[in-house]
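S.K.: Have a look at this one before I ask anything.
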Amino acid sequence: MRAHNFLALCGLSALLLAGCSDDSNTGPATVSKLTLEESNFSFSALGQNHLLVAHATDAGGHDLDATLVWSTSDPGVATVNGDGLATAISPGEATLSVHYGDLADTLHIVVSQVPANIAAEFGDDETGVPGQSLIVPLTVSVTDALGFRIRNVPIQWLSTSVGGSVSPDTGTTDFIGENSTTMTLGNAEGDYTAVASIPGTSLSVTFTEHAAVGGPYNIELAYLTSASPGVKAAFADAKARWESIITADLPDDYATLPAYSCGASPALDRPIDDLIIFVTIQQMDGPGGILGGGGPCFMHDTGGLTAIGAMTFDSDDLQSMENDGTLTDVITHEMGHVLGIGTLWDAKGFLANPSLSGGLDPSFTGPRAIAEFDTEGGAAYTGAKVPVEDQGGYGTADAHWRETIFGNELMTGYISYPPNPLSGVTIASLADLGYSVDMSKADAFSLGPFIRRGAGAPPLFKPLHQLVNDI
């Protein structure tokens, strides 16, 4: 009976006091030593975890269950929770401790970041003028195994194409883990490559750039953020469309500008021929709402036409525009605003009775646009010509053709399911602004069906998107 009682007591003590002695005369065992399995450990990435193991033993060296207390000398470097799970927070050194009563043991830890990946952030797949520097610097980021950026990593840059060059050819990543260089293209048209690598490792990334002369009128696209192949293809289509419409070179200029002069633009110190557009894709106001926008930033000294402009698109809307087939139309529309459609009308003296200033019948008064308006079916129109949008508020009104008159034409303030034709009126309005144009590049378009229905009739084409605040 006594033996039975002792076993029951011993089982209870194991729960409360973390073990019993083999000698029934000595009572419950007590912790006499506390030891960590490791004396040091090194982390190689931020956010990395490591489970620490401590042994609480009695005088005979037997492991006992015990409630342990863990602590860190610097929670900014590494933390440890109640189960002994240590987590790397930032580079540095710290001491982790385990306690049981007056007993303690410590572990020295080092947190560092070992480069695991180098990636192209900006500047890949640019197109520039032969012999000139690319607008957007080639930029890489370096991360550890868990994707956290690493600062102070040496970077080696190398141009791997004859005629191309990079400057500088060495550097270190900055406080956000990035490093940049400027690439100058060779004098010949074609592709040029550059490689960024981390010395002493096998990590590298290759940039491929393109030198092209283009047509008489040249648009350079400079991506300030990453873009999908589908988005870049739509931009290329829009660029080619406007370059085919505008037939003459503008007087060359030279830009010496600090960074952020046109949105998030980099510093510029280079010639301009003929138009630079900085492209940004970012979250704006969620799906719907503002799809994007575009407009001029700087004008050529001679002629006052756009030399540098910006286009911004909401990343939350790009996929839906790809899905409904309107992406290229919307990008072409916004590029038209950069050229000056709706944005230079007032400055050039062609906007009459603007609705945002109280006018009741706003119109574009360029003579070539009016003549083309009449040719395309607007001769019988009795209002002021060419009718400009008077609805939609700021960003839509006074900056587009009137939807009730032009229907699905590309440069109204609303985009319908394709096709959204680019009319001769739009091309003629560019001529009024001062561009040389090819009128044969206009799409087939007639104003007649819209004008005959009258201003109060429902639209022939249901708009998919209102291009609100897009200038």
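The values are calculated or read from the model by the stated rules, or taken from the named source; none is laboratory data. Predicted, not measured: the structure shown is a model, and the values here were computed from it. Cβ: placed from backbone, ideal geometry, glycine included. Neighbour counts: every protein chain shown. For accessibility, only protein heavy atoms count, side chains too; no ligands or nucleic acids. Shrake-Rupley method; radii C 1.70, N 1.55, O 1.52, S 1.80 Å.
S.K.: Looking at Gly340, is it closer than 24 Å to Ala431 by Cβ and not aliphatic (A, V, I, L, M)? So that I can check it myself, show each step before the final result.
M.R.: On the way: closer than 24 Å to Ala431 by Cβ: yes; not aliphatic (A, V, I, L, M): yes.
For Gly340, the condition - closer than 24 Å to Ala431 by Cβ and not aliphatic (A, V, I, L, M) - is met.
S.K.: So the check is Cβ under 7 Å with 6+ separation or different chains; which pairs have a first residue in the stretch 271-287 that's closer than 19 Å to Lys232 by Cβ and touching a residue at least 12 places away in the same chain (Cβ under 8 Å) and a second one that's open to solvent by less than 10 Å² (accessible area, probe 1.4 Å) and assigned to a loop (DSSP other than H, G, I, E, B)?
M.R.: Phe278/Cys262; Phe278/Ser265
S.K.: With the requirement that a residue be open to solvent by less than 40 Å² (accessible area, probe 1.4 Å) and out of contact with any Gly (no Cβ under 7 Å at 6 or more places or on another chain), what does the stretch 383-392 give you?
M.R.: Gly383, Ala384, Val386, Pro387, Val388
S.K.: Any residue at all in the stretch 393-413 that is hydrophobic (A, V, I, L, M, F, W, C), open to solvent by less than 20 Å² (accessible area, probe 1.4 Å) and farther than 17 Å from Thr343 by Cβ?
M.R.: Scanning the stretch 393-413, I find at least one residue that is hydrophobic (A, V, I, L, M, F, W, C), open to solvent by less than 20 Å² (accessible area, probe 1.4 Å) and farther than 17 Å from Thr343 by Cβ, so the answer is yes.
S.K.: For residues in the stretch 196-210 being among the hydroxyl-bearing types (Ser, Thr, Tyr) and assigned to a loop (DSSP other than H, G, I, E, B), which is least open to solvent (accessible area, probe 1.4 Å)?
M.R.: First, the residues of the stretch 196-210 that are among the hydroxyl-bearing types (Ser, Thr, Tyr): 197, 201-202, 204, 206, 208.
Now narrow it down to the ones that are assigned to a loop (DSSP other than H, G, I, E, B): 201-202.
Details: Thr201: 66, Ser202: 115 Å².
Selected residue: Thr201.
S.K.: If Asp470 satisfies every condition in (1) in a helix (DSSP H, G or I); (2) modelled with pLDDT under 95; (3) among the charged types (D, E, K, R) but one, which is the exception?
M.R.: Of (1) in a helix (DSSP H, G or I); (2) modelled with pLDDT under 95; (3) among the charged types (D, E, K, R), only one is false for Asp470: (1).
S.K.: Right, next: Given the structure, is Ser436 open to solvent by 40 Å² or more (accessible area, probe 1.4 Å), touching a strand residue (DSSP E or B) at 6+ places or on another chain (Cβ under 8 Å) and closer than 27 Å to Thr328 by Cα?
M.R.: Values: open to solvent by 40 Å² or more (accessible area, probe 1.4 Å): yes; touching a strand residue (DSSP E or B) at 6+ places or on another chain (Cβ under 8 Å): yes; closer than 27 Å to Thr328 by Cα: yes.
In short, yes.
S.K.: Next up: Collect the residues in the stretch 288-318 that are in a strand (DSSP E or B) and of a type in the set (Ser, Thr, Tyr), keeping them in residue-number order. Talk me through it step by step, then tell me what you get.
M.R.: Kept after step one, since they are in a strand (DSSP E or B), are these residues of the stretch 288-318: 292-299, 306-314.
Within the stretch 288-318, Thr306, Thr312 meet the criteria.
Let's see how each residue does on (1) assigned to a loop (DSSP other than H, G, I, E, B); (2) open to solvent by less than 60 Å² (accessible area, probe 1.4 Å):
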{"site": "Ile341", "(1), (2)": "yes, yes"}
{"site": "Asp346", "(1), (2)": "yes, no"}
{"site": "Leu356", "(1), (2)": "no, no"}
{"site": "Gly359", "(1), (2)": "yes, yes"}
{"site": "Arg368", "(1), (2)": "no, no"}
{"site": "Phe373", "(1), (2)": "no, yes"}
{"site": "Glu376", "(1), (2)": "no, yes"}
{"site": "Tyr381", "(1), (2)": "yes, yes"}
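S.K.: From Thr35, Thr67, Thr106, Thr95, grab the single residue that is assigned to a loop (DSSP other than H, G, I, E, B) and of a type in the set (S, T, N, Q). Step through it out loud before you land on a result.
M.R.: On the way: Thr35 fails: assigned to a loop (DSSP other than H, G, I, E, B); Thr106 fails: assigned to a loop (DSSP other than H, G, I, E, B); Thr95 fails: assigned to a loop (DSSP other than H, G, I, E, B).
It is Thr67.
S.K.: OK, next. Among all residue pairs at least 6 apart or on different chains, which show Cβ distances below 9 Å where the first residue, located in the stretch 181-194, is under 17 Å from Ala120 (Cα atoms) and the second is open to solvent by 60 Å² or more (accessible area, probe 1.4 Å) and not in a strand (DSSP E or B)?
M.R.: Hits for this filter: Thr181/Pro168; Thr181/Asp169; Thr182/Pro168; Tyr192/Thr160; Tyr192/Val162; Thr193/Thr160; Ala194/Thr160.
S.K.: Counting just the residues of the stretch 73-90 that are touching a Phe, Trp or Tyr at 6+ places or on another chain (Cβ under 9 Å) and in a loop (DSSP other than H, G, I, E, B), which one comes out least open to solvent (accessible area, probe 1.4 Å)?
M.R.: Taking the candidates together, the pick is Gly84.
S.K.: While we're here: Counting only residues that are open to solvent by 50 Å² or more (accessible area, probe 1.4 Å) and in a strand (DSSP E or B), which one in the stretch 160-179 is nearest to Val213 (Cα to Cα)?
M.R.: Ser165
S.K.: Collect the residues in the stretch 318-334 that are surrounded by fewer than 23 Cβ atoms within 10 Å (Cβ to Cβ) and touching a Gly at 6+ places or on another chain (Cβ under 7 Å), keeping them in residue-number order.
M.R.: Residues of the stretch 318-334 surrounded by fewer than 23 Cβ atoms within 10 Å (Cβ to Cβ): 318-320, 322-326, 328, 332.
Residue satisfying the conditions is Glu322 alone.
S.K.: Of all residues in the stretch 147-159 being in a loop (DSSP other than H, G, I, E, B), open to solvent by 70 Å² or more (accessible area, probe 1.4 Å) and free of Cβ contacts under 8 Å to residues at least 40 places away in the same chain, which is nearest to Pro199 (Cα to Cα)? So that I can check it myself, show each step before the final result.
M.R.: The initial filter retains those residues of the stretch 147-159 that are in a loop (DSSP other than H, G, I, E, B), namely 147-148, 150-153.
The next check asks that each one be open to solvent by 70 Å² or more (accessible area, probe 1.4 Å); those that pass are 148, 151-152.
From the residues that got through so far, the ones that are free of Cβ contacts under 8 Å to residues at least 40 places away in the same chain too are 151-152.
Values: Arg151: 15, Asn152: 13 Å.
Per the criteria, the residue is Asn152.
S.K.: Answer yes or no as to whether Asp124 is assigned to a loop (DSSP other than H, G, I, E, B), at pLDDT below 95, open to solvent by 40 Å² or more (accessible area, probe 1.4 Å) and of a type outside the set (S, T, N, Q).
M.R.: Values: assigned to a loop (DSSP other than H, G, I, E, B): yes; at pLDDT below 95: yes; open to solvent by 40 Å² or more (accessible area, probe 1.4 Å): yes; of a type outside the set (S, T, N, Q): yes.
Answer is yes for this residue.
S.K.: Conditions first: (1) more than 28 Å from Asn179 (Cβ to Cβ); (2) of a type outside the set (Phe, Trp, Tyr); (3) surrounded by 15 or more Cβ atoms within 10 Å (Cβ to Cβ). Gly286 passes all but one, so which condition is the exception?
M.R.: Condition (3) is where Gly286 drops out.
S.K.: Considering every residue within the stretch 405-426, establish whether at least one is under 22 Å from Asp324 (Cβ atoms), part of a loop (DSSP other than H, G, I, E, B), at pLDDT below 85 and not aromatic (Phe, Trp, Tyr).
M.R.: No: zero hits.
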